[in-house]
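Report on the structure given below.
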Amino acid sequence: MGDQMEISDNPSRGRHRRVSFALLAAVWVLSCLCSPFQAAPADAGVVVKRPALRLIVLRDSAELLASEQRALSQVARVLAGRFTLDRTPASPAEESFLRGCTPGPCAAKALPPGFGASHTVLVLRVAPYAGEEKGKRRSGGFADVLLFRGSAPAPVFQILADNGASLPVQSDPLGVWLSDLVATLGKED
Amino acid sequence: VGTRMDRLYALLLSLAFTCTIVHAGDRELEVMIVDLTPSTLRDADQKQCLARFTHGVRSEARVHSVREADFRKRARKLDDASPFLGWKAPDVEGARILDQHTAVDSIVLVDCRPRDKRVDLLVVPNDSATVRMQLRERALTEARITTLATSAVRYSWVSFVP
């Protein structure tokens with residue numbers, strides 16, 4: 001008790017501690033502000049009709065690897081948080097049409113029937129396997145991104161990547177980026 | 001009281017270290033931006049578009065803005081009038097080295113035309129691959145240009161070596 005009285009009675013030491021406290025608090029607040037965490041939206045209680053989005057995955061390999069499936073699930077989960085997501089796979093006619101858009105420009109002059117029914121369509125192309133590593137197939141990553149809006153037979157936005165420039169499947173946060181991309185670039189003027 | 005305060009300081013100190021992400025040996029991504037919009041289309045809106053794009057990239061990388069003439073000289077593209085979206089990575093590799101101390105990680109060529117509602121981008125993240133981006137029929141708002149910049153940076157990281 002005597003020690004405590006001595007501490008609190010020493011004005012210089014008390015001031016030193018207050019300054020230290022303030023500095024530490026400032027460092028903590030600043031570093032947390034710089035971290036990637038985001039606060040929840042303030043209007044969480046407001047019901048907003050989410051725009052419709054169809055996600056189509058094109059793959060150049062026979063089957064998706066587990067890592068690719070995980071990455072696509074994560075992307076779909078994020079997109080579903082912002083859009084009413086439709087994951088109907090491409091029909092043969094739609095796949096044929098989309099293959100005609102890579103490496104672009106789209107060969108067909110009209111969209112396949114039903115393609116634009118959900119108004120905005122996001123297409124992701126999974127690149128072929130990039131060889132093997134320790135006996136396991138290695139993902140080639142995500143190559144092309146196409147964004148269709150309305151009845152135009154050409155994407156309003158497209159990213160066409162050579163296989164050597166594909167995004168690795170574990171790119172983070174891929175879903176958030178794609179979600180922003182659809183929301184800003186796909187939005188009608 | 002003193003012991004409690006000491007514990008509080010220790011807690012704050014540990015939180016500060018936890019929240020501060022440190023990557024040992026990391027360096028900034030170096031991106032070269034070259035404006036390849038035809039000179040006849042370079043007006044105030046176009047300059048604003050380029051400035052916004054550059055600002056968007058700069059928020060995530062170190063930017064080296066290079067004039068078209070200097071770029072073409074280094075890339076040996078002086079007389080090449082072909083659309084730059086068709087260029088291959090080796091075509092522009094000569095421009096990657098800025099000086100004896102600096103080689104950029106990625107080259108980003110930009111054609112920004114607000115009046116035509118279109119943007120073309122060519123990202124060259126390594127010496128063998130390219131990424132072509134095209135936006136059509138969209139007003140070039142600040143949000144859209146920022147999204148394009150973010151996308152260009154995302155692909156610029158593809159071959160990054162710390």
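Quick notes on this structure:
- Residue satisfying all of: in the stretch A:171-187; among the charged types (D, E, K, R) and farther than 18 Å from A:Ala154 by Cα; surrounded by the fewest Cβ atoms within 10 Å (Cβ to Cβ) among these: A:Asp172
- Looking only at the stretch B:70-97, and only at residues there that are away from chain A (no Cβ under 13 Å) and among the hydrophobic types (A, V, I, L, M, F, W, C), the one that is surrounded by the most Cβ atoms within 10 Å (Cβ to Cβ): B:Val92
- Index of the failed condition, A:Leu23 passing every other in (1) surrounded by 13 or more Cβ atoms within 10 Å (Cβ to Cβ); (2) at pLDDT 55 or above; (3) within 14 Å of chain B (Cβ to nearest Cβ): (1)
- Qualifying positions in the stretch A:146-157 - farther than 12 Å from A:Phe115 by Cβ and buried (at least 23 other Cβ atoms within 10 Å of the Cβ): A:Phe157
- Only a single criterion out of (1) modelled with pLDDT of 95 or more; (2) in contact with a Phe, Trp or Tyr (Cβ under 9 Å, 6 or more places away or on another chain) is not satisfied by B:Asp80, namely (1).
- Considering the stretch B:98-131, the residues that are surrounded by 22 or more Cβ atoms within 10 Å (Cβ to Cβ) and within 7 Å of chain A (Cβ to nearest Cβ) include one that is nearest to A:Pro105 (Cα to Cα), namely B:Val131.
- Test for A:Ala107: is it out of contact with any helix residue (DSSP H, G or I) (no Cβ under 6 Å at 6 or more places or on another chain), without any contact (Cβ under 8 Å) to a residue 24 or more places away in the chain and either in a loop (DSSP other than H, G, I, E, B) or within 25 Å of B:Ala129 (Cα to Cα) (or both): yes
- Qualifying residue in the stretch A:157-175 (condition: closer than 19 Å to A:Arg82 by Cα, of a type in the set (Gly, Ala, Ser) and facing chain B (nearest Cβ under 10 Å)): no
- Scan of the stretch A:170-189 for residues that are of a type in the set (D, E, K, R) and touching a strand residue (DSSP E or B) at 6+ places or on another chain (Cβ under 8 Å), ordered by number: A:Glu188
- Those residues of the stretch B:42-69 which are farther than 27 Å from B:Arg115 by Cα and surrounded by 19 or more Cβ atoms within 10 Å (Cβ to Cβ), in sequence order: B:Ala61
- Restricting attention to the stretch A:81-104, the residues that are loosely packed, with under 13 Cβ neighbours inside 10 Å and modelled with pLDDT under 90 add up to 1.
The values are calculated or read from the model by the stated rules, or taken from the named source; none is laboratory data. Remember, it's a predicted structure, so these values are computed and weren't measured experimentally. Don't worry about glycine lacking a Cβ; one is built from the backbone with ideal geometry, like all the others, and counts go over all protein chains shown.
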